[in-house]
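The values are calculated or read from the model by the stated rules, or taken from the named source; none is laboratory data. Note that the structure is a prediction, hence the values are computed from the model and not measured. Note: ideal-geometry Cβ built from the backbone for every residue, glycine included; neighbour counts use all protein chains shown. Side chains included, ligands, DNA and RNA excluded: accessible areas come from the protein's heavy atoms. Shrake-Rupley method; radii C 1.70, N 1.55, O 1.52, S 1.80 Å.
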Amino acid sequence: MDSIPANRRFWNKISRAYQHEHDPQIGATPRLWGMYAIPDAHLNALGDVKGKRVLELGCGAGQWSRSIAAEGANVVGLDLSEAQLTEAARAMGTARYPLVQGAAERLPFAAESFDVVFCDHGGLSWAPPHLAVPQAARVLRHGGRLVFNVASPWFEACYDEEARHVTTTLQRDYFGLHTVAEDQGAASYQLTYGGWIKVLRAAGLIIDDLIEPRPDAGTPNGYNKTDPPDWAHRWPAEMLWITHKP
Ligand SMILES: C[S@@+](CC[C@H](N)C(=O)[O-])C[C@H]1O[C@@H](n2cnc3c(N)ncnc32)[C@H](O)[C@@H]1O
């Protein structure tokens, strides 16, 4: 299924409200990962990007790209939604960086153009991984790194669609994970642990680490209700893959 048109419409429609609600958390300080805004300084996932050619896949309003542009990275922010790119342009700091409209499934860049490709609930959550991962690998130079944060299969399998919160009960099949229906016909994607390993290896990437970001008890989830509130302190809500192209 081609989810590009529906995802573009969806993000164009919700962009303003999404940024109004979430930008204060995502952009509070530089380099914050995921639903619990865990500092990269605690996780050491992205590393030093000064002087490196970096692509953010699904940059949204560019909170990450803005931070690393200010550190001296040559970053490009790519996103499917023109409304999200408008927000990124509006929020750009003095360190300017290019914004490109495009889909993670069909990256408009030459092979081996980047030293680092990364995203935080971006293109690798909203494009089919079997299409987006090979594209990310293609545009990386040899030795370059693909680093990305996505929801964990635990989180998806325990998510109660009707109540719209995460529970301690399995709500859907683990092996049924793949396409997750979002509002208004949009789709996001989730693989099993084995599914991610297969897709990454098939794209020729080496897996260096799988970080399971663990918020302190009492850290609020800025996006989803969980029951109990400290769910993600007890079970992994996200997975942060660290890979490289040999
Ligand atoms: C949750 S936001 C991620 C951005 C930022 N890290 C954040 O947390 O807000 C998801 C972004 O992915 C973008 N997106 C959706 N489908 C995409 C695709 N196929 N290719 C690239 N970006 C896509 C959306 O427009 C949106 O800006």
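Some points to look at:
- Put a dot 7 Å past the Cα of Gln25, heading toward its Cβ, do the same for Arg9, and the two dots end up 2.8 nm apart.
- Residues of the range 146-169 with amide N under 12 Å of a point placed 7 Å along Cα→Cβ from Arg234: 167-169
- For the chain, the solvent-accessible area works out to 45 Å² per residue, with a probe of 1.4 Å and every protein chain left in place.
- The 1.4 Å probe gives accessible areas that order Glu156, Glu212, Glu82, largest first, as Glu212, Glu82, Glu156.
- In terms of its C-alpha gyration tensor, the range 1-111 comes out oblate, because a/c is 1.5 or above while a/b does not outweigh b/c.
- Leu205 contributes an accessible area of around 10 Å² to the protein surface, as traced by a 1.4 Å probe with all chains present.
- Estimated [θ] at 222 nm from DSSP helical runs (n ≥ 4, -39500 (n - 2.57)) normalised by residues in the chain, nearest 500: -9000 deg cm²/dmol
- For Ile68, the solvent-accessible surface with a 1.4 Å probe is about 0 Å², rounded to the nearest 10.
- His233 accessible area, 1.4 Å probe, all protein chains in place, Å² to nearest 10: 50
- The chain shape via C-alpha gyration tensor axes, a/c threshold 1.5: rounded
- Shown for the range 9-151: the carbon plus sulfur share of the solvent-accessible area, taken with all protein chains present and a 1.4 angstrom probe, equals 55%.
- Largest-first ordering by accessible area, 1.4 Å probe, given options His20, His130: His20, His130
- For the range 1-96, trypsin sites (Lys or Arg not before Pro) meeting the loop criterion (DSSP other than H, G, I, E, B) and having at most 15 other Cβ atoms within 10 Å: Lys50, Arg96.
- The H on the amide N of Gly144, modeled in the peptide plane, is under 5 Å from the matching H of Lys245, each at least 5 residues off or on a different chain.
- Pair Glu71, Asp160: separation of 7 Å Cα→Cβ label points (nm): 3.9
- Looking at the range 112-181, the chymotrypsin sites (Phe, Trp or Tyr not before Pro) that sit in a DSSP loop and have at most 15 other Cβ atoms within 10 Å of their own Cβ are Tyr174, Phe175.
- Cα gyration tensor shape for the range 179-243, rounded if a/c is under 1.5, else prolate or oblate: oblate
- J(HN,Hα) series, the range 111-126, from Karplus relation 6.51 cos²θ - 1.76 cosθ + 1.60, nearest Hz, glycine and proline x: 4, 6, 8, 10, 8, 9, 10, 8, 6, 10, 6, x, x, 8, 9, 10
- Computed on protein heavy atoms with a 1.4 Å probe, the accessible areas place Asp160, Asp40, Asp2, Asp48 in the order Asp48, Asp2, Asp160, Asp40, largest first.
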